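Structure, as structure tokens:
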Amino acid sequence: MSELLPVVWLTLKLAGVTTAILLVIATPLAWWLARTRGAAGQIVGAVVALPIVLPPTVLGFYLLIALGPNSPLMAPLQALGVRTLAFTFTGLVIGSLVYSLPFAVQPLRNAFAAVGDDNIDAAATLGASGLQTFFRVVLPLSAPGYAVGAILTFAHTIGEFGVVLMIGGAIPGVTNVLSIEIFKSVEALEWGRAHVLAALLTAFGFAVVLGLLRLEHRFSVAPLNER
């Protein structure tokens, strides 16, 4: 099974890069959504949540077109010698960012909304600027949301299949992640290999769910213990 180590490493690398980038991207977006009322916030929120309800193959199909050589989005990069991002690790990261976006945004949005206006107003009363309030008040109080968002994004990226298959294929060392390796093992009738990989992802999924439940319990009882 030593030949699986590059596959595992590539999968963890994809999930790690996606999670790190998404937490940065999701922070201002989730803050804006948590503070915005009206149609604009609802429309943007619906767009952010769209990957949850779209079939992964549909999302992967549109991403394949967007990252392909005939896409207008690729024109600036083609001038630099980059013909396409499809079937590359970079393209895989972009697809993962889109596919896992709601799993980073929603926990942060809920955490920011839970901070409440009283804490923000109190900081402003003490002379804190908007940035100071955000970094010294909002972020510490939103730590549980960041923990949940990071765990969900990482786990969701580990398990994605349809989007990865559409825009990445199964290029060894480049786009061949664990979920694709299971599919290839079944196609080749290598049931033992498929069982091992499926059991590995099942155990990982169980650990993630258990960790989230324990995290939820910890933060739900913490305020009671502080009284």
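Which condition from (1) of a type outside the set (Gly, Ala, Ser); (2) closer than 25 Å to Ile94 by Cα; (3) at pLDDT below 90; (4) in a helix (DSSP H, G or I) is the one that Pro172 breaks? Just one mismatch for Pro172, condition (4). Would it be correct to say that Gly211 is touching a residue at least 24 places away in the same chain (Cβ under 8 Å), surrounded by 14 or more Cβ atoms within 10 Å (Cβ to Cβ), under 19 Å from Ile21 (Cα atoms) and not hydrophobic (A, V, I, L, M, F, W, C)? No, not satisfied. Select from segment 182-194 the residues that are farther than 17 Å from Phe161 by Cα and surrounded by 12 or more Cβ atoms within 10 Å (Cβ to Cβ) and write down the one among them that is modelled with the highest pLDDT. Here the residue is Glu190.
When Thr84 is tested against (1) in contact with a helix residue (DSSP H, G or I) (Cβ under 7 Å, 6 or more places away or on another chain); (2) surrounded by 15 or more Cβ atoms within 10 Å (Cβ to Cβ); (3) within 30 Å of Leu141 (Cα to Cα), exactly one condition is not met: (3). Selection of helices (runs of 4 or more DSSP H) fully inside segment 115-162 by the criterion of at least 2 residues being in contact (Cβ under 8 Å) with a residue 24 or more places away in the chain, under 30 Å from Gly60 (Cβ atoms) and in contact with a Gly (Cβ under 8 Å, 6 or more places away or on another chain) returns 143-159. List pairs: first residue in segment 89-101 and under 13 Å from Glu160 (Cα atoms), second residue buried (at least 19 other Cβ atoms within 10 Å of the Cβ) and among the acidic types (Asp, Glu) anywhere in the structure, Cβ distance under 8 angstrom, at least six positions apart or on different chains. Taking only residues 6 or more apart or on different chains, the pairs are Ser96/Glu160; Tyr99/Glu160; Ser100/Glu160. Annotation note: of Ala34, Ala15, Ala49, the sole residue that is assigned to a helix (DSSP H, G or I) and surrounded by fewer than 19 Cβ atoms within 10 Å (Cβ to Cβ) is Ala49.
The values are calculated or read from the model by the stated rules, or taken from the named source; none is laboratory data. No experiment lies behind these values; they were computed from the predicted model shown. Using ideal geometry, Cβ is built from the backbone for each residue, glycine included, and neighbour counts are taken over all protein chains shown.
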